[in-house]
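Participant: Before I ask anything, here is the structure I am working with.
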Amino acid sequence: MKTCEVFLSLSFLTSSKMNTTKKGQFLLFPPPQLTEYFVLLSPTEEIKKETTKLKKKLYKMIGRETENNKSVAHISLFKTKWEKDKHVLDRVRKSIADQKEFSVEINGSDVYNHGTKAKTLFLKIENPKPIQSLYDSFKEEFKIKTGLNPHLTIEQNIPVADFEKIQDNLDAFHYKSGWICNKVTILKKKEKGGFKVVEEILFQNAE
């Protein structure tokens, strides 16, 4: 009987070591597998096509494509990790329950600096307040503590050596357009990389 008890205790401890917290505490069950989700605003197909043209113009000017060549134009809101789609979708719906559609105006391009090694070329949002207000509505449900500077990326993390080839011709990336934003789009990270659309959730007065 004592031999059996010792064996069971050792077996329990051995298996428990496989599931511990960062502080070394034992867990009876493995932690949930979390998946990354991406909440964003998606422009019209016309704006996506025009942004792709700007991206291709950039590649021609610097003489090569980058690893972001397949990215589709969007305005990022936030990323979050959850166990199931329902956990995210329910919280998004609750957050935007009273949200009404609004216009998004794009006018011109600008640059973000990432230290001394890289830059991001983006299209400016002329009226960022409605997007910032929408973003704020997610803060409670998703425990978000950071702010947001809305923009629509043409190309991110451009090495300075490449950027120097276009810095005197930034007017070539001027673009003006707009759309009525009436939904948020939720993407889910795929096991082999990249994201796929989970759902598009319409605002209160969207048609």
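Participant: Enumerate the lysines that residue 165 could reach by cross-link, defined here as Cα to Cα under 24 Å, with residues fewer than 8 away along the same chain left out.
Facilitator: Cross-link targets: 49, 53, 55, 56, 57, 60, 70, 117, 119, 124, 176.
Participant: How do 78-87, 108-117 rank on mean C-beta neighbours within 10 Å, highest first?
Facilitator: The densest-packed peptide leads the list: 78-87, 108-117.
Participant: Whose amide H sits under 5 Å from the amide H of residue 195, counting only residues 5 or more places off or on another chain, with H placed in the peptide plane?
Facilitator: Amide H to amide H, under 5 Å and 5 or more residues apart or across chains, residue 195 pairs with 190.
Participant: Provide 195, 203 ordered by accessible surface of protein heavy atoms (probe 1.4 Å), highest first.
Facilitator: 195, 203
Participant: Using a 1.4 angstrom probe on heavy atoms only, work out the carbon and sulfur share of the accessible area of region 75-157 in %. Intermediate results must be reported in sequence, preceding the final value.
Facilitator: Working: 2040 of 4610 Å².
The nonpolar share, carbon plus sulfur, comes to 44 percent.
Participant: Computed FRET efficiency, Cβ-Cβ of residue 133 and residue 161, R0 22 Å: what is it to the nearest 0.05?
Facilitator: E(calc), rounded to 0.05, equals 0.05.
Participant: On average, how much accessible surface per residue is there in region 87-207, in Å², for a 1.4 Å probe, leaving out ligands, DNA and RNA?
Facilitator: Working: 7040 Å² over 121 residues.
With all protein chains present, region 87-207 gives 58 Å² per residue.
The values are calculated or read from the model by the stated rules, or taken from the named source; none is laboratory data. As the structure is a computational prediction, the values presented were derived from the model and not from experiment. Methodologically, a virtual Cβ is constructed for each residue, glycine included, from the backbone with ideal geometry; neighbour enumeration extends over all protein chains shown. Just so you know, the surface numbers come from the protein's heavy atoms only, side chains and all, with ligands and any DNA or RNA stripped out. Shrake-Rupley method; radii C 1.70, N 1.55, O 1.52, S 1.80 Å.
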